[in-house]
1. Taking the condition among the basic types (Lys, Arg), in a helix (DSSP H, G or I), at pLDDT 80 or above and surrounded by 12 or more Cβ atoms within 10 Å (Cβ to Cβ), does residue 58 pass?
2. So, in the range 5-25, how many residues would count as being surrounded by 12 or more Cβ atoms within 10 Å (Cβ to Cβ) and out of contact with any Pro (no Cβ under 8 Å at 6 or more places or on another chain)?
3. List, please: which pairs have Cβ atoms under 8 Å, are six or more places apart or on different chains, and start with a residue in the range 1-18 that is within 12 Å of residue 40 (Cα to Cα) and end with one that is in a loop (DSSP other than H, G, I, E, B) and not aromatic (Phe, Trp, Tyr)?
4. Considering only residues of the range 1-40 that are of a type in the set (A, V, I, L, M, F, W, C) and in a helix (DSSP H, G or I), which is modelled with the lowest pLDDT?
5. Take the conditions open to solvent by 40 Å² or more (accessible area, probe 1.4 Å) and in contact with a Leu (Cβ under 6 Å, 6 or more places away or on another chain) and apply them to residue 51. Does it pass?
Amino acid sequence: MRTLKMLLDDGYITGVSLERTVNGPIVVNNIQNTEITSKGLQYLEENSMMKKVCKVLKEFRAWLPSI
């Protein structure tokens, strides 16, 4: 969730919304609608660590049931 929040806050992804709760942020819409922005694509090209995060997020998204 922290990674998702960071990516949203920095403008690297769109299409997903987080809501603050007592237990921390939760996804309030379908994570399948998440898209990478052109800023996010540029960052991926320049940062290999972010490529690893993207791979993990894709695996995480595939693992999640449809919300």
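1. So residue 58 does not fit the description; no.
2. So in the range 5-25, the residues surrounded by 12 or more Cβ atoms within 10 Å (Cβ to Cβ) come out as 5-8, 10-18, 25.
Next cut, out of contact with any Pro (no Cβ under 8 Å at 6 or more places or on another chain) only: 6-8, 10-17, 25.
Number of matching residues: 12.
3. Close Cβ pairs (under 8 Å, with a partner that is in a loop (DSSP other than H, G, I, E, B) and not aromatic (Phe, Trp, Tyr)) amount to 8/16; 11/37; 12/37; 13/34; 13/37; 14/34; 14/37.
4. Here is the first cut: in the range 1-40, the ones of a type in the set (A, V, I, L, M, F, W, C) are 1, 4, 6-8, 13, 16, 18, 22, 26-28, 31, 36.
From what is left, the residues that are in a helix (DSSP H, G or I) are 4, 6-8, 31.
On the way: 4: 82, 6: 86, 7: 87, 8: 87, 31: 72.
Step by step, filter the range 1-40, then rank; the result is 31.
5. When the stated conditions are applied, residue 51 passes them.
The values are calculated or read from the model by the stated rules, or taken from the named source; none is laboratory data. Only a predicted model underlies this, so the values are computations on that prediction, with no experimental measurement involved. Here the Cβ is made from the backbone with ideal geometry for all residues, glycine too, and neighbour counts use every protein chain on show. Side chains are part of the model used for accessible areas, which takes the heavy atoms of the whole protein and leaves out ligands, DNA and RNA. Shrake-Rupley method; radii C 1.70, N 1.55, O 1.52, S 1.80 Å.
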